[in-house]
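I have placed the structure first, in the form of structure tokens, so that the comments after it can refer back to it.
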Amino acid sequence: MDLQLIFFGVVIIVIIALMFRNGRKRQRDAAAMNTGLKPGAEIMTASGIFGRIVSFDEEENKVVIETHPGSHLTIHRQAIGRIVTPVAEDGTELNGEPVVLDDAAADPAFGERVEPSTTTDADETARRTGGSASKGAGE
């Protein structure tokens, strides 16, 4: 009977420790995201809308994002799901616009297929359809 109580107590302590650890991790992630919320950063909202931050109002907790050139949305700060591409930390600007970090030049992950970028549209269409790019439309 004493062994069962000890085991039950250890399980309760482990569960409580995991809850505190998870809470600290959430706070750390939220703080990291708040530091990345700057004009120029590309974000994704919780509902899946992608856009670039145009302006940020800390008092009202409103963020204006540009989803398409000329199309602006005003959303609440908590509606931001994640930061897709953060703004450069050193404040580098190009033509008055903040430079956005782009991970397109990164090496591919292990096992990831890399398509050559020298194909033409006709070659790409032929590859997808299984045909030849040199065939005419009537053949």
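Each reported figure results from applying straightforward, stated rules to the coordinates on display, with no laboratory input. Bear in mind that the values here come from a model prediction, so they are computed numbers and not experimental data. In this analysis, Cβ positions are derived from the backbone assuming ideal geometry, glycine residues included, and neighbour counts consider all displayed protein chains.
Which stretch or stretches of the range 50-91 have amide N atoms under 11 Å from the point lying 7 Å from Lys38's Cα along the Cα→Cβ direction?
Only 86-91 fall inside the zone, counting backbone N under 11 Å.
Please arrange Glu42, Glu112 by how many other C-beta atoms lie within 10 Å of their C-beta, fewest to most.
The most exposed by this proxy come first: Glu112, Glu42.
Extending each Cα 7 Å along its Cβ direction at Ala30 and Thr74, get the distance between those two points in nm, one decimal.
It works out to 2.5 nm between the two label points.
At Glu115 and Gln4, where each label point lies 7 Å from the Cα along Cα→Cβ, what is the point-to-point distance in nanometres?
About 6.3 nm separates the two model spin labels.
If you place +1 on the Cβ of every Lys and Arg, -1 on the Cβ of every Asp and Glu, and leave all else neutral, what size is the dipole of the range 1-70 about its Cα centre, to the nearest 20 Debye?
Approximately 300 debye in magnitude.
Ranked by Cβ crowding within 10 angstrom, fewest neighbours first, how are Ser55, Ser71 ordered?
The fewest-first ordering by Cβ neighbours comes to Ser71, Ser55.
Can you put Phe8, Phe110, Phe56 in order, fewest other beta carbons within 10 Å first?
In order of increasing Cβ crowding within 10 Å: Phe110, Phe8, Phe56.
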